[in-house]
Amino acid sequence: MIKVSWVLIVFLITLTIGTSSSIKEADFLRSVVKKYSPSLVVSFLKTRINYNKEMIGKIKNLTVNLDQSRRDLFDLNEKFYSVMVNQLITLKDADYFDTDGSNKVNYFIEQFVLQDELYPIGFGSFGMVKVPMTPDELISQLNVKPAIHLINETNILIKSYINDTESKELIVGNNIIQQLSLTMTKAKLKSLLEFNYVSGSENHQIGNNLKKLKTISDFFYSQYDQLSNEKMST
């Protein structure tokens, strides 16, 4: 039973990462506490924390011209996650979660959620491609700028991502899986670019498209380099 649950939980990790726009991670993590044993949830949480820590390191190491303030923030987050994992390991070995385990695990989940809320870090396209404005920045202007201006700026942003995927398609070293990822991503981006906005509902539609754009770009840029690994692509 434990083996089956662990396989399911690993699958759910992937599911949450890939669909962060539709599932709030905080709610998902809290629901896990109610469904699984404290020991299993601790193992799951450690995996989730280590994933965040690994992604922070990759962004920090791969991003060109990263300013010192952002680098310091990444370093701080890495240290926080290292301390948190060490605490979980030590307490689990000391049987800390054997009594009233769900409440104790939930405390660490709330700490993890709070850290993400205080220091949000994009694990997708940040620093990977030069864009005139991010989807989040455009979303924040939905009730500020006229719809026609936002539509134009959204399309310019989409074209920036399309241009980047097309330039990556020309890379000789791409494997088949990377090429497939590029083809699918470009098709999704073009469908957003060809979207016909209905008069009177522009702001709602722009917001939805920007959220889709963020999901598409974040997923693509977080996976593209990893797919270059021969074992991964196989």
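The values are calculated or read from the model by the stated rules, or taken from the named source; none is laboratory data. Worth saying up front: this structure is predicted, and the values here are computed from it rather than measured. Glycine also receives a Cβ, built like all others from the backbone with ideal geometry; neighbour counts cover every protein chain displayed.
Lys214: modelled with pLDDT under 90, touching a helix residue (DSSP H, G or I) at 6+ places or on another chain (Cβ under 6 Å) and not hydrophobic (A, V, I, L, M, F, W, C), yes or no? Show your work before the answer.
Numbers: modelled with pLDDT under 90: yes; touching a helix residue (DSSP H, G or I) at 6+ places or on another chain (Cβ under 6 Å): yes; not hydrophobic (A, V, I, L, M, F, W, C): yes.
Here the answer is yes, as Lys214 does meet what is asked.
Are any of the residues in region 159-166 farther than 30 Å from Asn143 by Cβ and not hydroxyl-bearing (Ser, Thr, Tyr)? For region 159-166, residues farther than 30 Å from Asn143 by Cβ and not hydroxyl-bearing (Ser, Thr, Tyr): present. For beta carbons closer than 6 Å, sequence separation of 6+ or different chains, a first residue in region 72-97 that is touching a residue at least 12 places away in the same chain (Cβ under 8 Å) and a second that is assigned to a helix (DSSP H, G or I) and of a type in the set (Gly, Ala, Ser), there are no qualifying pairs. Mind counting the residues in region 133-179 that are in a loop (DSSP other than H, G, I, E, B) and of a type in the set (Ser, Thr, Tyr)? Residues that pass the stated criteria total 2. Return the residue satisfying two criteria in turn: it lies in region 160-201 and is in contact (Cβ under 8 Å) with a residue 40 or more places away in the chain and among the β-branched types (Val, Ile, Thr), and of such residues it is surrounded by the most Cβ atoms within 10 Å (Cβ to Cβ). The qualifying residue surrounded by the most Cβ atoms within 10 Å (Cβ to Cβ) is Thr165.
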